[in-house]
Amino acid sequence: MKLVILTVFVVFTSSFMPYLPRPVTVEQKRDDYVASLKSYEGMNYARYGDDSGISCSTLIRRAFVETNGLDGPSRAFIDAHPCDSDEMESGCGGQLTGVLKADSLKSLDYSRIEEGDIAIIGNDEGLHAMAYIGNETWIHADPITEKVIEIDEPEENDDWVTFRVNVMRWNALR
């Protein structure tokens with residue numbers, strides 16, 4: 001009798017196995033996050049991320065929310081959990097951890113950063129956020145071109161290249 005019950009249990013539970021959620025690796029989360037960031041390329045920039053476009057920090061938060069199941073890409077969630085560039089540099093309420101600091105984007109040690117890391121760049125006048133998407137390439141909502149763009153070889157006269165950098169990492173991607 002015990003053998004019959006065990007056999008029925010095994011057959012019954014194994015029939016549901018394909019429908020059970022599979023564990024998602026950090027690498028899969030990171031890949032999904034980078035793909036989401038890239039999906040915004042070409043979108044208009046708006047300083048405060050209003051309906052006309054997206055800001056640098058909103059780009060990073062929205063892509064993270066979309067791919068990490070926090071509450072879907074809902075505007076309400078993002079608005080209820082603001083985390084601008086200043087707050088990102090301070091850890092975004094414990095969601096981010098510092099990885100490294102550098103004098104400029106050009107002087108970063110790329111062997112220490114991973115796809116999905118965030119560069120907080122700035123000076124005393126303000127901060128800007130960019131996300132690393134691999135191969136020494138960054139994506140950001142650029143206030144100069146007023147679009148979400150990728151940069152892989154920052155020009156020397158670009159202020160973002162010369163400002164100090166603080167690289168942060170989402171704790172969920174550690």
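The values are calculated or read from the model by the stated rules, or taken from the named source; none is laboratory data. None of the values given here were measured: they were computed from a predicted structure. We place every Cβ from the backbone using ideal geometry, glycine too, and count neighbours over all the protein chains shown.
Brief remarks on what is shown
- Residue tally, condition out of contact with any Lys or Arg (no Cβ under 9 Å at 6 or more places or on another chain) and either free of Cβ contacts under 8 Å to residues at least 40 places away in the same chain or within 21 Å of LEU173 (Cβ to Cβ) (or both), over the range 130-147: 10
- Only one of the listed residues (ALA102, ALA141) is surrounded by 15 or more Cβ atoms within 10 Å (Cβ to Cβ), farther than 21 Å from MET43 by Cβ and either out of contact with any helix residue (DSSP H, G or I) (no Cβ under 8 Å at 6 or more places or on another chain) or not charged (D, E, K, R) (or both). That residue is ALA102.
- Unmet criterion (only one of (1) modelled with pLDDT under 85; (2) exposed (fewer than 14 other Cβ atoms within 10 Å of the Cβ); (3) among the β-branched types (Val, Ile, Thr)) for ILE78: (2)
- Close pairs from the range 108-124: first surrounded by fewer than 17 Cβ atoms within 10 Å (Cβ to Cβ), partner hydroxyl-bearing (Ser, Thr, Tyr), Cβ under 7 Å, at least 6 apart: none
- Selection from the range 37-47 of residues that are surrounded by fewer than 19 Cβ atoms within 10 Å (Cβ to Cβ) and part of a helix (DSSP H, G or I): LYS38, SER39
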